[in-house]
Every structure is written in structure tokens, then in C-alpha cells.
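Enquirer: Following this message is one structure expressed as C-alpha cells.
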Amino acid sequence: MPADEPIFAIARHRIGRDGDGVTTLVCFPSCPLHCKYCLNPQCFKDEGTYPRYTPESLYEKVKVDDLYFQATGGGITFGGGEPGLRSSFIAEFRSICPKNWKINLETSLNIDEANLDTLERCTNQFIIDIKDMSPDIYKAYTGKDNARVKRNLEWLSKAGRASDCTIRVPIIPGYNSAECVDDSISQLKAMGFGNFDKFVYVTDRSKK
């Protein structure tokens, strides 16, 4: 049985942002990356500052929106931080929530294959923020290597899950360009992926 885990945000009634239908976003702290424009810096705070939930107590918290989930084909989107680090918790939650709730994962995919293997069996949609496929750009922006991300993308494609992935391919001001995004998409298409979300990170630099 998974232990309880810290959760820093539970956001209800999200539409068209984190998967199909009405969703509730559940955010875990902790992340392997240190992105220069991190949208959720609270994920790096002391985990002891956040309330803790078991899969069962989280289900009791979010089931209030069961009608919305079932009527719209929505469900729960796990984000963070990096929710892929909490694979056992998510798998246990999947086992106790209604089968027609969708389980989505917003992830950098910079996680080990054991976690990905667990998540592949309990996740309906992967929303993957790859930053950039260039190792140099990725490392400059995140402080980490993206070799594991590429291996995991190949793993998902070979597992027949490419159509269940939406891949976010951002222009990151000061780090990459529209041409870099096009190159990343070309590489991803060669792996078998076809669903992309192209956008520009909004930062102080991008407003100038």
C-alpha cells in the first residue's frame, strides 16, 4: 500500500487545459529539473509544509466532482512538480476511482523506466513537456540531461501509446527559437508522435 504523499494544490473544474472534459488538477511537489522559468516554484519547498493524502483520502476529496467527470469524459490530471515520481500512489488511486474517470499525467518524462512502466498501465493521456529535443538547449534550460526523456519517448511509442500523448513543444525566450521547435517536432514525428502543443513561454524576457 503506498504511503501518504504531500500535495501542494488541488484545482477543480478545469476545462480544456489538462485533458478532455472537466478535470481536477492534483499537484505533487518535487522535480528532477530546475527550469529557469519554473511555473510552480512551490514544488521545491519543504514537503512538510503541505498536507498529505493517501490514495483513499485523495479519492474522498475529489469524488465530489464525479458527475462532472462522468458526464464530460474528464477525470484527474496529476501534475507538479513531477508526478511521475509518485507512480505507486497514482496506480493505487487508479485502482479505487471509477473506471471511466480519465487519469492524465503532466510530465517532463525525465523519470526512470520502472516508474514509466507502472504509469503506462494506469494513465489514459500523457501530456509531455519536452522543453526541446536538443541536448544542449535542454541542459541549458533545465540543468539536466534529456537522454532519459528520449528513451522514454521511444518506449511509449513502441508500447503503442503515441496517440495517447500530447507533446508540448514551447518556444522558450532566450533558449530556443521557432526553428528549434520545428526541428524537435520533426524528431518526434520520426518516433511516431503526432499530437503537438506549440506555444511561447510567457516570461519577462518574452514581454520585451
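The values are calculated or read from the model by the stated rules, or taken from the named source; none is laboratory data. What you are looking at is a predicted structure, and each value in this text was computed from that prediction instead of being measured. Glycine gets a Cβ as well: all are built from the backbone with ideal geometry, and neighbour counts include every protein chain shown. Protein only, heavy atoms only, side chains kept; ligands, DNA and RNA dropped before computing areas. Shrake-Rupley method; radii C 1.70, N 1.55, O 1.52, S 1.80 Å.
Enquirer: Can you tell me which of 110, 100 is surrounded by fewer than 16 Cβ atoms within 10 Å (Cβ to Cβ), of a type outside the set (D, E, K, R), in contact (Cβ under 8 Å) with a residue 24 or more places away in the chain and part of a loop (DSSP other than H, G, I, E, B)? Reasoning before the result, please.
Expert: Values: 110 fails: surrounded by fewer than 16 Cβ atoms within 10 Å (Cβ to Cβ).
Exactly one residue qualifies, and that residue is 100.
Residues checked against (1) of a type in the set (Lys, Arg); (2) modelled with pLDDT under 95:
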{"residue": "135", "(1), (2)": "no, no"}
{"residue": "150", "(1), (2)": "yes, no"}
{"residue": "165", "(1), (2)": "no, no"}
{"residue": "170", "(1), (2)": "no, no"}
{"residue": "182", "(1), (2)": "no, no"}
{"residue": "191", "(1), (2)": "no, no"}
{"residue": "202", "(1), (2)": "no, yes"}
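Enquirer: Then there is this: Are any residues in region 15-28 in contact with a Ser or Thr (Cβ under 8 Å, 6 or more places away or on another chain) and either in a loop (DSSP other than H, G, I, E, B) or surrounded by 17 or more Cβ atoms within 10 Å (Cβ to Cβ) (or both), and if so, which ones? Break it down stepwise before answering.
Expert: Step one: of region 15-28, the residues in contact with a Ser or Thr (Cβ under 8 Å, 6 or more places away or on another chain) are 15, 17-26.
Within region 15-28, 17, 18, 19, 20, 21, 22, 23, 24, 25, 26 qualify.
Enquirer: Which pairs have Cβ atoms under 7 Å, sit 6 or more apart or on different chains, and link a residue in region 139-154 that is at negative phi to one that is open to solvent by 70 Å² or more (accessible area, probe 1.4 Å) and of a type outside the set (D, E, K, R)?
Expert: 142/34
Enquirer: Kindly indicate the residue of region 42-65 that is of a type in the set (S, T, N, Q) and part of a helix (DSSP H, G or I) and also surrounded by the fewest Cβ atoms within 10 Å (Cβ to Cβ) among those meeting that condition. Please lay out each step first, then the result.
Expert: Pass one, region 42-65, residues of a type in the set (S, T, N, Q): 42, 49, 54, 57.
Of the ones still in play, those that are also part of a helix (DSSP H, G or I) are 42, 49, 57.
On the way: 42: 15, 49: 10, 57: 12.
Going through the qualifying residues, I end up with 49.
Enquirer: Let me confirm something: among 38, 31, which residue is under 27 Å from residue 201 (Cβ atoms) and crowded, with 21+ Cβ neighbours inside 10 Å? Steps first, answer last, please.
Expert: Numbers: 38 fails: crowded, with 21+ Cβ neighbours inside 10 Å.
Of 38, 31, the one residue that is under 27 Å from residue 201 (Cβ atoms) and crowded, with 21+ Cβ neighbours inside 10 Å is 31.
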